[in-house]
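Below is one structure, written out as structure tokens; comments come after it.
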């Protein structure tokens, strides 16, 4: 998906990638760089790094609770929340 997003971006834009497994985002980043030379692509080790300063965030997580846990630190399974 990242490669398709990168192709739709304009020259000079920055695409930051984050995955719970850094090796996956690094691998995707390397593949995307080969496909589009004009877009700057960076694999991030932390979700906070990936979303910092972003005008747009595209999230592809399995469901709402996982999205809340990853992006906002909210865990519905934790009764203390």
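The values are calculated or read from the model by the stated rules, or taken from the named source; none is laboratory data. Because the structure is a prediction, the values reported are computed rather than measured. A quick note on method: Cβ atoms are made from the backbone with ideal geometry, for glycine too, and the neighbour counts reach across all protein chains shown.
Values for this structure:
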{"quantity": "Condition check for residue 57: at pLDDT 80 or above and assigned to a loop (DSSP other than H, G, I, E, B)", "calculated": "yes"}
{"quantity": "Matching residues, region 32-50, being more than 16 Å from residue 60 (Cβ to Cβ) and modelled with pLDDT under 65", "calculated": "33, 34, 35, 36, 37"}
